[in-house]
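Please read the structure below before turning to the comments.
Only the coordinates and a few stated rules stand behind these numbers; no lab work does. Computed from a predicted model, the values in this text were never measured in an experiment. Positions of Cβ are generated from backbone atoms using ideal geometry, with glycine treated the same way; all protein chains shown enter the neighbour counts.
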Amino acid sequence: MGFVGSLVAQALSLLATLFVFAIGVLVLGVVVMFIIDISQRHDAIRRNYPVIGRFRHLFSTLGEFFRQYFFAQDREEMPFNRAQREWAYKSAAGVDNTVAFGSTQNISAVGSPIYASEIYGLLDDEMSDPPVLTIGEGARHPYQAGSLINISGMSYGALSAPAVQALSKGAAMAGCWLNTGEGGLSDHHLSGGCDIIFQIGTAKYGVRDEHGNFSEDKLREITGLPQVKMVEIKLSQGAKPGKGGILPADKVTEEIARIRGIAAGKASISPNRHSEIANHGELLDFIAHVRDLSGLPTGFKTAMGGVEWLEELCALINKRGAASAPDFITIDSGDGGTGAAPMPLIDNTALTVREALPMVVDVLEKHKLKGRIRVICAGKLITPAEVAWAYCAGADFVNSARGFLFALGCIQSLKCNKNTCPTGITTHQRHLQRGLDPADKAVRVKNYAGKIHYGVGLIAHACGVPHARALERRYVRLIQADGKSRPLSDIYPPAEQDRAV
């Protein structure tokens, strides 16, 4: 016992010494921080409240976490609330995504869509799959597309290699397309065998020569690949209309620089517009040139600030002839997402898809071009109710970026521009990418797309139509400021229908 007691005494003495040493180090650290804080001049809080003022930054940083997981209600968060994210997560995981007791959605909020259910529903044998549509009938290689939901443009660079691989394989499994975004075509896009929409951004990444000019030879090389089905000319995007793409320097790796044709380690900033396109005529000329070089359906993507310019463009198309028209127009919503954007643009510029889509469809129908020009739309449409609204409004196809990011496991940490994404989706740090298994996430991508199809089909059947492409504006009502609902067909009376199916 004496020996054991001696050991215990020595251990307690050592612990006491370590405790005193730790206290000393802590006190010394506090003194050093106090001196630093009271001496520095760039932070008033730390200068006036040395040491204690440092907790402000800590609490601000942790605030996003606590609001998301502890304090915010299911329908409160932005840009996507917990209920939306949970639907996407459960759908991607292939588990039960039904809800019980009652809706947590405030269906009396202004703008809420209410679908007009039919009193006599359809029997199973009266339902059908949405028909396949042809895009670019005048192109040498028209594209047959049927999926109601497709993967919107997200560049390799903004996304990690495993994320792009998962999207590619998942898109092939789901039968939908994958848009490359403006960052060029990589082996990761091709790895899963899906249909590819190649996007040409203002910097011509992937199809630029050594001087940064458009390269016809590189376009022919890319569009000669059998997986590449269409070409999309990006004029602008909803998160930053009027501003080119932004990829921070620490995300421009050697591989990404090679694919884009730029220098590694330097921020990748795209011009605000295409140097070849400064008016409607030049836009139609460039579309025709790309379509002729590639043989593929060619259209453009833009955010909408109004439709006056589209009226003028349609008038010019009819003057030149329908063959001069773009094969499709992709409308990006003013509340769209991105990896990095200036706050004034992401918050307060361009119309949302809720307003822009019906306006664009009406202009095309007015000029008898709706059957010639397919309409694709995107903008926070990540659940069946939102996607169904777009088909009621007149869309031919719906794209989603963030819905598929949730399928990959995105937790909305809002770190896309920091190269520190904790789920490995938007970072090029290998230790963070390790958690993203492309094979597993590809299945989740397929499941998510399938649940969108199933859910939109439920809404269509409730409205008494056999499939989503048969939905019209009269089938959805929007809540007004007086608490009453009005059919979308009253708010935006449709012109004579010219929807070739």
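Please work out whether the stretch 262-419 counts as rounded, prolate or oblate from its C-alpha gyration tensor, where a ≥ b ≥ c are the square roots of the eigenvalues and a/c under 1.5 means rounded, while otherwise a/b larger than b/c means prolate and anything else oblate? Oblate, because a/c is 1.5 or more while a/b does not exceed b/c. For the pair residue 211 and residue 144 in one chain, pulling the backbone fully straight at 0.36 nm per residue adds 20.5 nm over the alpha carbon distance. Other residues whose C-beta falls under 13 angstrom from the C-beta of residue 55 contribute a net charge of +1, scoring Lys and Arg +1 and Asp and Glu -1. State whether the stretch 291-339 is rounded, prolate or oblate according to the following rule on the C-alpha gyration tensor (a ≥ b ≥ c being the square roots of its eigenvalues): a/c under 1.5 gives rounded; otherwise a/b larger than b/c gives prolate, and the remaining case gives oblate. Judged from the Cα gyration tensor, the stretch 291-339 comes out oblate (a/c at least 1.5, b/c at or above a/b). First check a/c for the stretch 196-313, with a ≥ b ≥ c the square roots of the eigenvalues of its C-alpha gyration tensor; if it is under 1.5, answer rounded, and if not, answer prolate when a/b is larger than b/c or oblate otherwise. Since a/c reaches 1.5 but b/c is at least a/b, the shape of the stretch 196-313 is classed as oblate. Model label points for residue 16 and residue 323, set 7 angstrom from Cα along the Cα-to-Cβ axis, are 9.9 nm apart. Highest mean packing comes first when the peptides 128-135, 36-43, 390-397 are listed by Cβ atoms within 10 Å, giving 390-397, 128-135, 36-43.
In terms of other Cβ atoms within 10 Å, 301, 415 run from fewest to most in the order 415, 301. The fewest-to-most ranking of 280, 189 by surrounding Cβ atoms within 10 Å reads 280, 189. Listed by chain and number, the aspartates and glutamates whose C-alpha is less than 16 Å from the C-alpha of residue 243, apart from same-chain residues fewer than 8 away, are 182, 332, 335, 347.
Report note on the peptides 329-335, 116-122: ranked by the mean count of other C-beta atoms within 10 Å, highest first, their order is 329-335, 116-122. May I ask for the percentage of alpha-carbon pairs in the chain that lie more than 41 Å from each other? Percent of Cα pairs beyond 41 Å in the chain: 27. Using a simple spin-label model with pseudo-atoms 7 Å out from Cα toward Cβ, residue 55 and residue 348 lie 3.5 nm apart. Measuring against 23 Å, Cα to Cα, the residue pairs 90/441; 229/446; 319/370; 301/380; 301/415 contain 301/415 as the ones spanning a longer distance. Give the angle, between 0 and 90 degrees and rounded to the nearest 10, that separates the Cα long axis of helix 2-39 from the longest principal axis of the Cα atoms of the chain. Around 60 degrees separate the two axes.
Full extension of the chain segment joining residue 129 with residue 108 gains 4.3 nm, where the gain is 0.36 nm per residue of separation less the Cα-Cα distance. The label point for residue 137 and the one for residue 315, both projected 7 Å from the Cα toward the Cβ, are 2.7 nm apart. Here's how it looks for residue 301: its modeled amide H is under 5 Å from those of 233, 234, 235, 236, 330, which are all 5 or more places away or on a different chain. So the label point goes 7 Å from the Cα of residue 250 along Cα→C-beta, right? Which residues of the stretch 389-419 then have their backbone N under 17 Å from it? Under 17 Å, as judged by backbone N against the label point of residue 250, lie 413-419 of the stretch 389-419. Placing unit charges on the Cβ atoms of the charged side chains and taking the dipole of the chain about its Cα centre, the candidate lying farthest along the positive direction among 459, 300, 432 is 432.
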